[in-house]
Amino acid sequence: MCGIVGYIGDKQAQPVLLDCLSLLEYRGYDSCGIAVSSRSIEVYKDAIRVAALKKAAPKLSGKIGIGHTRWATHGAPSQLNAHPHLDCTGRIAVVHNGIINNYQQLREQLIGEGHSFTSETDTEVIPHLIEKHYQGDIIKAVEAALAEIDGSYAIIVMVAGEPRLVAARKDSPMVIGIGDREKFIASDVPAILNFTNRVIYLEDGDIGVITADSVKVKQHQAEVTRTENKISWTIEDAQKSGYEHFMLKEIHEQPRVIRDTLAGWMSAPEPILDLEAVRDNGAEAMLMLACGTSYHAALVGKYIVQELLKIPVRAELASEFNYYGQALAGTMAIVLTQSGETADTLRAMKRLKEAGCRVVAITNVVGSTASRIADQTIYTRAGPEISVAATKSFIAQLMALYWIMLSYAKIDASRLSSLTAELRQLPSKVQEVLDNQDRIAECAKYLAGFKDVFFMGRGINYPVALEGALKLKEISYLHAEGYAAGELKHGPFALLGSKTPVVAIVAQDNTHEPIVTSIKEIKARHSPVLAVVPEGDDSVEELADSVIVVPQVEPLFSPVVNTVALQLLAYYTALQRGCPIDFPRNLAKSVTVE
Ligand code: M6R
């Protein structure tokens, strides 16, 4: 949930750290800070964004340093709660991403032993524990400190005057970047791509000792080898490329994402997932699990499986499943997670494995924790997604689900070949939606004048209504709710009126007629209706106040074009309202806390 970075090499550390931190802000941005070491450690931190820190920070001299950008969990955003945190001597500095569950008990114990604390954070126990165990060997001290900690962490430890950094991870991501006579440590690859594309992924339980010339990794006291990987995408992929916001850039990348995603799989000799086993399994067939936008992809996936495979399937929120969910041994569990680091999802994956399920992860991040836990990983090819609002990763998840299920579809051959042909057309259909963005922006201008908005869809477009509402609320701060169209009359109708617009998704399947009826009922309550309608369908032209026309597609694929239209609607509404689109308040890209 926070971003951490470390540098050791022959450059001054401060500019490198600040550069990396600005690319990590999507992980949290309520405060940030850096510490640079030479003979002593100098810290500069505050409850400000990285750009402001760049301007405000004095010159800290040294070629070793650590940095942090925060998403507050323990203690409000403030100068004192910002990282890095120090021990009592001021000679040990730590940055941390994760949560220490037993910090309260450790803190009391340490205070009893004479340590004094300056922040309300859970993190601050770490430098004090290291200080307590430090007897000249920092690695032993870190190991001893970690042995006392219950929780999740990616930490970087720096000791004044020592020419090395110590990094450790458990349930929080971390990569080491390899350069010539310099090394980088970061929560995520994009942060260091300006400097290197050679990375090592640390695994859970790893402790890395990093100098300018070497990386040594230990696991349970023994040295282990971690292979070096070359990142194929570039810093440009992770930058705005002339777009005003990452979100708009990422929305516009979607035709390319669909094309790339399908191209790889279509040319593969084998299906990307073996579903035969699922068919033979007499138990419950399939379970899909995820959070947030990825959960909406799972809900669409449920309709796809029902339609194409005709087997029983459940879609569950990972955060709920962790408390109430059950799965039978032998069930195929498909877990969707863009980041591969969502804490609720990872916990659900572990529970599923314990229950004897076969766990397949669909994720966008190579080497992510989800990919390590899963029995099999299917990578979407969306490229780095920086904006907090998930857009292209959602569409890439849908592509994975369409392709997997089509490979095993129980439908007649002519329908299968027409669906496959239609699937290939999706990049150009999505491009048509993008080409219509001025019209969508006009509708957004209108929507921006309201406070509350309902979204309604039916069948496979019900999850699209949920996703449209989620996107609008998270970036424009308008109150938005997604509903199954048939449910509006069971309560929400009490809120309808001229100040409550309804965005209606009209599909050309068996839900068409009931949706049109719902629109009539809504209009009778004087609510403005903005309808998303396939080209050539004039059934709601007279009824709706505004219409966004999307290209005609096979109804099974309609979530793709409809979602892209709603992404643009949310984007332009937020733009109109002057919101910080890529970094909405209180949110973070990767939710690594439960
Ligand atoms: O990385 P994940 O796909 O596991 O993330 C799950 C949610 O946190 C995420 O989809 C969130 O809802 C989006 N940022 C919303 O746009």
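The values are calculated or read from the model by the stated rules, or taken from the named source; none is laboratory data. In this text, all values refer to a predicted model and were calculated from it rather than measured experimentally. Cβ coordinates were reconstructed from backbone atoms using ideal geometry, including for glycine residues, and neighbour counts include every protein chain displayed.
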Conditions (1) part of a helix (DSSP H, G or I); (2) free of Cβ contacts under 8 Å to residues at least 40 places away in the same chain; number of the one not met by Cys20: (2)
Among the residues of segment 277-290, is any at pLDDT 80 or above, closer than 20 Å to Ser558 by Cα, within 16 Å of the ligand (Cβ to nearest atom) and among the hydrophobic types (A, V, I, L, M, F, W, C)? no
Please verify whether segment 408-415 includes one or more residues that are in a loop (DSSP other than H, G, I, E, B), at pLDDT below 95, of a type in the set (A, V, I, L, M) and under 25 Å from the mean Cα position of the chain (by Cα). no
Residue selected from segment 299-354 under the condition assigned to a loop (DSSP other than H, G, I, E, B) and over 26 Å from Val560 (Cβ atoms), by the criterion nearest to the ligand (Cβ to nearest atom): Gly325
Tally, over segment 360-396, of residues that are of a type in the set (D, E, K, R) and either within 13 Å of the ligand (Cβ to nearest atom) or in contact with a helix residue (DSSP H, G or I) (Cβ under 7 Å, 6 or more places away or on another chain) (or both): 3
Hits in segment 544-580 - residues which are assigned to a loop (DSSP other than H, G, I, E, B) and at pLDDT 95 or above: Ala544, Asp545, Pro551, Gln552, Val553, Glu554, Arg577, Gly578, Cys579
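Here's the yes/no breakdown for (1) outside the structural domain of His252 (by TED's automatic domain parsing); (2) in contact (Cβ under 8 Å) with a residue 24 or more places away in the chain; (3) within 16 Å of the ligand (Cβ to nearest atom); (4) over 26 Å from Pro312 (Cβ atoms):
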position: Ser417; (1), (2), (3), (4): yes, no, no, yes
position: Asn436; (1), (2), (3), (4): yes, yes, no, yes
position: Ala441; (1), (2), (3), (4): yes, yes, no, yes
position: Ala448; (1), (2), (3), (4): yes, yes, no, yes
position: Gly459; (1), (2), (3), (4): yes, yes, no, no
Does segment 428-447 contain any residue that is in contact with a His (Cβ under 8 Å, 6 or more places away or on another chain) and either of a type in the set (A, V, I, L, M) or surrounded by 15 or more Cβ atoms within 10 Å (Cβ to Cβ) (or both)? yes
Which condition does Leu299 not pass, out of (1) at pLDDT 90 or above; (2) surrounded by fewer than 18 Cβ atoms within 10 Å (Cβ to Cβ), if it passes all the others? (2)
With (1) in a strand (DSSP E or B); (2) away from the ligand (no atom under 16 Å from the Cβ) as the list, and Pro255 as the residue in question, which single condition is left unmet? (1)
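Each row is one residue, and each column tells you yes or no for (1) in contact (Cβ under 8 Å) with a residue 12 or more places away in the chain; (2) over 27 Å from the mean Cα position of the chain (by Cα).
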| position | (1), (2) |
| --- | --- |
| Ile8 | yes, yes |
| Arg39 | yes, yes |
| Asn81 | yes, no |
| Asn97 | yes, no |
| Ile111 | no, yes |
How do the strands (runs of 3 or more DSSP E) wholly within segment 145-219 filter down when requiring 3 or more residues that are of a type outside the set (A, V, I, L, M) and modelled with pLDDT of 95 or more: which remain? 182-186
Can you confirm whether segment 59-69 contains a residue that is of a type in the set (A, V, I, L, M) and assigned to a loop (DSSP other than H, G, I, E, B)? yes
Scan of segment 168-186 for residues that are farther than 16 Å from Val366 by Cβ and surrounded by 24 or more Cβ atoms within 10 Å (Cβ to Cβ), ordered by number: Ala168, Arg169, Ser172, Lys183, Phe184, Ile185
From the option list Ala47, Ala51, Ala35, single residue qualifying as touching a residue at least 24 places away in the same chain (Cβ under 8 Å), in contact with a Pro (Cβ under 6 Å, 6 or more places away or on another chain) and surrounded by fewer than 20 Cβ atoms within 10 Å (Cβ to Cβ) is Ala47
Among (1) more than 16 Å from the ligand (Cβ to nearest atom); (2) not in a loop (DSSP other than H, G, I, E, B) - the single one Met399 does not satisfy: (1)
Selection status of Thr500, surrounded by 15 or more Cβ atoms within 10 Å (Cβ to Cβ) and touching a strand residue (DSSP E or B) at 6+ places or on another chain (Cβ under 7 Å): yes
Is there any pair linking a residue in segment 228-248 that is assigned by TED's automatic domain parsing to the domain that holds Ile176 and farther than 10 Å from Asp582 by Cβ to one that is of a type in the set (Gly, Ala, Ser) and at pLDDT below 80, with Cβ under 8 Å and at least six apart or on different chains, and which? Asn229/Gly367
Matching residues in segment 368-382 - criterion: being crowded, with 21+ Cβ neighbours inside 10 Å, assigned to a loop (DSSP other than H, G, I, E, B) and either touching a residue at least 60 places away in the same chain (Cβ under 8 Å) or under 12 Å from the mean Cα position of the chain (by Cα) (or both): Ser368, Thr380, Ala382
Scanning for something small (Gly, Ala, Ser) and more than 16 Å from the ligand (Cβ to nearest atom), does segment 464-477 turn up at least one residue? no
